[in-house]
Each structure stands twice: as structure tokens, then as C-alpha cells.
Amino acid sequence: MEFNEDPLVDIHQRTVDIFAENFNLQMERGDSKDITFGIVYGLGLKGLAAKMGRPLAEATKFLAKYYETFKGVKSLIDKVRAIVEGGGFIRTIGKRKFYLRETRSYKYMNYLIQGSSSDQTKSALVKHGTIVTEKIVSVQGEQIKVKEYKTDSEYCDDLMFPLHDEGVFS
């Protein structure tokens, strides 16, 4: 399966499934997130083995299975590594450039992923002038969830800044 072939696939849950199906290792989704981000950001085999709590040989097999399952992840890592080695730049989804001043490609994976996430968040904030939030209110002694709608000007007053894929509100 390509990394982005099915947008509904939860990569972290699929990682849990790989562990269970191939390594008889039960894992929580949160642990698989640590491993997925570790792989993408350059954790290395020794670090992966430590996170898994398994021998280096098993981490090597897991990484091969992971890359076989998520071909797009390996392809992206390889492309970024080649750009870093060539001394070029990477461009986020929002077309921002990061010029490469270091040789550690994992840092540029972070710039690419977090920068693109930030671009998408900012784009959504601009595109959608109305924000819907939920809050709990008490009505006749009963707690109920209600939706609150804010227009552009009200929303912009509350937004302190977007951070990666989130908005920080006052």
C-alpha cells in the first residue's frame, strides 16, 4: 500500500497491526506513533530496537516490513536525503523553501512535515472564515454540549497563532 493511497488509513493503527501480525508484539497506538515518527525523523535501528524492546535483528525485520507496507514513507525519506546530500532545498506544501545548511536529513523531514502541516492549517484558517467550537454548558442542571460559531473577526481576535497543525487561542 502506498503511504497516501487511502487517506482513511490510520498509519499509526496500521503500525500496531504490523507488530501484532508479524512480531507477536502487542502495542498501544500511542507507542506506534513514537515509532512512526522515530522512523521518519531518523531514529535509526538501535533506537528502534530500544523503542521496541527487541533485538537489533528484529528491529531490522520490522523496518523492512514497515517500508514494504508504507512505500511512500521510504520514498520520501530517500528523496529528502538525496536533496540534503545535493545541497538543495525542500519546499513545503505551501511552497515555502527551506535551504539546507546541515547534513542531517532527519531535520529536513521535520521541516517538511511540520512546515507543510502549518501551511495547511493556515490555509484552512483563511479559507474557512467561520469556526465551529463545542463547549459544555449547564441547562436546568444538566450538562449539554453546544456548538458555538464565530465569524472571521471574532475568530481572529481569539487566535493567538497557528502552531504546526493546531491553532493556539487566547
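The values are calculated or read from the model by the stated rules, or taken from the named source; none is laboratory data. Because the structure is a prediction, the values reported are computed rather than measured. In this analysis, Cβ positions are derived from the backbone assuming ideal geometry, glycine residues included, and neighbour counts consider all displayed protein chains. Accessible surface areas use protein heavy atoms only, side chains included; no ligands, DNA or RNA. Shrake-Rupley method; radii C 1.70, N 1.55, O 1.52, S 1.80 Å.
Before moving on, here are some points about what is shown:
- Any chance TYR67 is within 26 Å of PHE19 (Cα to Cα) and modelled with pLDDT under 80: no
- Exactly one residue out of LYS71, LYS79 is of a type outside the set (A, V, I, L, M, F, W, C), over 26 Å from SER123 (Cβ atoms) and either open to solvent by 50 Å² or more (accessible area, probe 1.4 Å) or free of Cβ contacts under 8 Å to residues at least 60 places away in the same chain (or both), and it is LYS71.
- Filter pass, ILE18 being open to solvent by less than 30 Å² (accessible area, probe 1.4 Å), among the hydrophobic types (A, V, I, L, M, F, W, C) and either over 25 Å from PHE98 (Cβ atoms) or touching a residue at least 60 places away in the same chain (Cβ under 8 Å) (or both): yes
- Any hit, the stretch 110-127, residues being loosely packed, with under 12 Cβ neighbours inside 10 Å, at pLDDT below 75 and out of contact with any His (no Cβ under 7 Å at 6 or more places or on another chain): yes
- Among the residues listed as PHE3, PHE37, the single one being surrounded by 12 or more Cβ atoms within 10 Å (Cβ to Cβ), modelled with pLDDT under 85 and within 16 Å of the chain's Cα centre (by Cα): PHE3
- Condition met for ASP10 (open to solvent by 50 Å² or more (accessible area, probe 1.4 Å) and touching a helix residue (DSSP H, G or I) at 6+ places or on another chain (Cβ under 7 Å)): no
- Those residues of the stretch 41-77 which are at positive phi and over 21 Å from the mean Cα position of the chain (by Cα), in sequence order: GLY53
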